[in-house]
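Engineer: This is the structure I have questions about; it appears just below.
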Amino acid sequence: MYERDRYSTARLGPLDYRSSQTVASGCFSLYPLVAKMAALLSEYAFGWSIHQLAPFLDKAFGVAGAMDHRMIDRHYDWWVRLPLALLAIKSPTRGILLAGHIVNILAWFDRMPAVWDYMCWCALLESTFVGAALLASCSARSV
């Protein structure tokens with residue numbers, strides 16, 4: 001039932017029931033990995049959405065508590081960026097986050113050169129997410 005190779009580790013033979021299950025299942029299941037990726041993506045989406053909503057709340061309620069001073073002065077801020085941030089909280093999918101990050105990058109380019117220095121770092125972070133989301137493997141496309 002067991003064969004010994006030259007490194008003296010036991011190798012499962014063809015009569016062992018565990019070897020047939022391993023081959024039949026493809027050695028491992030991708031479901032736990034995909035589920036973990038979905039959970040991480042939803043956590044990231046929640047943090048990203050809160051970061052996006054801070055200047056809107058500051059602008060709407062007049063509180064000076066927001067640490068950043070992102071300009072909320074264009075129509076697309078209220079009609080595109082705000083709904084995407086709220087939608088990312090409700091259903092955090094990669095497509096919604098990808099659209100939100102691309103809109104933020106375009107908004108950054110629209111406001112150049114009158115941007116704060118930290119907004120350049122935010123644009124780099126947004127670009128990194130866009131690149132990672134576009135280059136992700138096919139198994140994670142449903143996430």
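Only the coordinates and a few stated rules stand behind these numbers; no lab work does. Remember, predicted model here, so these are calculated numbers, not experimental data. Cβ sites come from the backbone with ideal geometry, for glycine too, and all protein chains shown count toward neighbours.
Engineer: Which loop chymotrypsin sites (Phe, Trp or Tyr not before Pro) in the range 79-131, with loop taken from DSSP, have no more than 15 other Cβ atoms within 10 angstrom of their Cβ?
Structural biologist: Filter output for the range 79-131: TRP116.
Engineer: Could you please rank ARG74, ARG81, placing first whichever residue has the fewest other Cβ atoms within 10 Å of its Cβ?
Structural biologist: Fewest-to-most ranking of ARG74, ARG81: ARG74, ARG81.
Engineer: Once the piece of chain linking TRP79 and ALA60 is laid out straight, how much longer is it, given 0.36 nm per residue of separation minus the C-alpha distance between them?
Structural biologist: Stretched fully, the TRP79-ALA60 segment lengthens by 5.4 nm.
Engineer: Calculate the translational D of the range 30-140 in whole µm² s⁻¹ from Stokes-Einstein, where the hydrodynamic radius comes from the Kirkwood formula applied to all Cα pairs, the temperature is 37 °C and the viscosity 0.692 mPa s.
Structural biologist: Estimated via Stokes-Einstein, D reaches 221 µm²/s.
Engineer: Assuming 0.36 nm per residue, please report the length gained on full extension of the stretch LEU40 to ASP117 beyond their Cα-Cα distance.
Structural biologist: Here the answer is 24.9 nm.
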